[in-house]
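The next block holds one structure in the form of structure tokens; read it before the comments.
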Amino acid sequence: MTAAPPPWFASDARLIETDESYGWAEIAAEADHLEAEFRTAGQAVVEAVRPTTVVAALAAAERAGVALLLKRHKALLPSGKKDWDEGAANGRTSGFSVLLETSGTTGTPKRARHDFERLRGRLRGTADSSARWLLTYDSGAFAGLQVILTALASGATLIAVPGANAADLARAAVRHGATHISGTPSFWRAFLMTLGNERPPLTSITLGGEAADQPLLDRLQERFPNAKLRHIYASTEAGALFAVTDGRAGFPAAWLETGVDGVGLRIRDGVLEVNSPRAMLGYADAAGLSEDWLSTGDVVERRGDRVLFAGRLDGRVNVGGVKVSPEAVEQLLLAVPGVLDALVRPAANPITGHILTASVVPLSGVEEAALRAAIRDASAALPPAARPRVISMVENIPLGSAGKKKREGAA
């Protein structure tokens, strides 16, 4: 007999998946089937493509009391081995837990094991059951799962178009009247480009997954003046940490002393570290966390009353013996008037090992020669190794499945 919905699935919650509507009654049958499968196998693995399948798998694994792996990538293990070794993933903790794969934007993806209650520990939804959330992230990503669980717990409607690009999502947002959207800054730039003169009735805008730059925050506030704007800081390993709601890039430097929302923050060797009650239990193939403080891998700079993000530690590039951050250079280009979007990447060079190249999306109507001159002027403030040596004007910046720009060649 089909079980009642879990407590984190409100009775009036709905999922609109590629224009088909689902409630618990439609998802329950898949959950029953998966529960039987998980109990037989003693483990739970699903391809995290469709949000309805992810929701059914969560309910099934919770009832079966087994760890659930939400797969986003192809098998990470050598050929001939099991895709997932239950002993490595779940042998140190019994019962239900959730394994999430990192995006792998700058390296090999890892699998982080989470306690489900911790995973839901900082959900900030809305009690308004009329809210309509647009899912822009992978269903099996940490950010995607946060959006799904937030919508379901509040009895809202989740709008999903699996495999969609920014243009598809913009059309879905307008067609279904999305009121809440959470996405990466890269997604929001592409969203604004494809939206045209139409606009969904947004009341809440959230940015996450990448550093939120001030020009984009200002652009969103101008385009949607009635929407609450915030950017959140979270990661697959550290969990949901904090949200910034003052409309400014970075976060208040005072939080380094006081902490925020139960999370301790500190800077060590230029990298942000956190002490979070919502962090992962550990990686799937390793013991649990041995330290209270977890390195985020994000390089930060304290400037006055603000802490600003300056790229990933593992994304730095060696240019003639100098370590430079393509993301920090990108932030500078995004602040140049006339630049709508930009991507800075390394390219091989026989003399310096690497050089930086920049792909720039100009605002409509901007004269190219003038924009190139403005970029050269802005880049003059950078050390020579950090100045882009090749600048290409492009129509858009392709995004990966995580809604982030693809970055390659870190060294």
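The values are calculated or read from the model by the stated rules, or taken from the named source; none is laboratory data. Treat the numbers as computed from the prediction; the structure is a model and nothing was measured. Glycine gets a Cβ as well: all are built from the backbone with ideal geometry, and neighbour counts include every protein chain shown.
Things worth noting here:
- Take the conditions (1) over 23 Å from Ala402 (Cβ atoms); (2) modelled with pLDDT under 95; (3) acidic (Asp, Glu); Glu257 misses just one of them, which is (2).
- Of the residues in the range 71-94, at least one is in contact with a strand residue (DSSP E or B) (Cβ under 6 Å, 6 or more places away or on another chain) and modelled with pLDDT of 90 or more.
- The listed residue being over 28 Å from Arg219 (Cβ atoms) and crowded, with 20+ Cβ neighbours inside 10 Å, out of Val319, Val324, Val329, Val299: Val319
- Some residue of the range 162-175 being in the same structural domain as Arg120 (by TED's automatic domain parsing), surrounded by fewer than 24 Cβ atoms within 10 Å (Cβ to Cβ), farther than 18 Å from Ile16 by Cβ and among the basic types (Lys, Arg): no
- Checked against (1) surrounded by fewer than 22 Cβ atoms within 10 Å (Cβ to Cβ); (2) on the phi < 0 side of the Ramachandran plot, Arg312 passes all but condition (1).
- Selection of the range 290-340 for residues being among the basic types (Lys, Arg) and more than 18 Å from Phe242 (Cα to Cα) yields Arg303, Arg312, Arg316, Lys323.
- Matching residues, the range 367-395, being surrounded by fewer than 17 Cβ atoms within 10 Å (Cβ to Cβ) and in a loop (DSSP other than H, G, I, E, B): Glu367, Ala380, Ala381, Leu382, Pro383, Arg389, Val394, Glu395
- Pairs, first touching a residue at least 60 places away in the same chain (Cβ under 8 Å) in the range 211-239, second among the polar types (S, T, N, Q), C-beta under 6 Å, six or more apart: Asp213/Gln331; Thr236/Thr102; Gly239/Ser276
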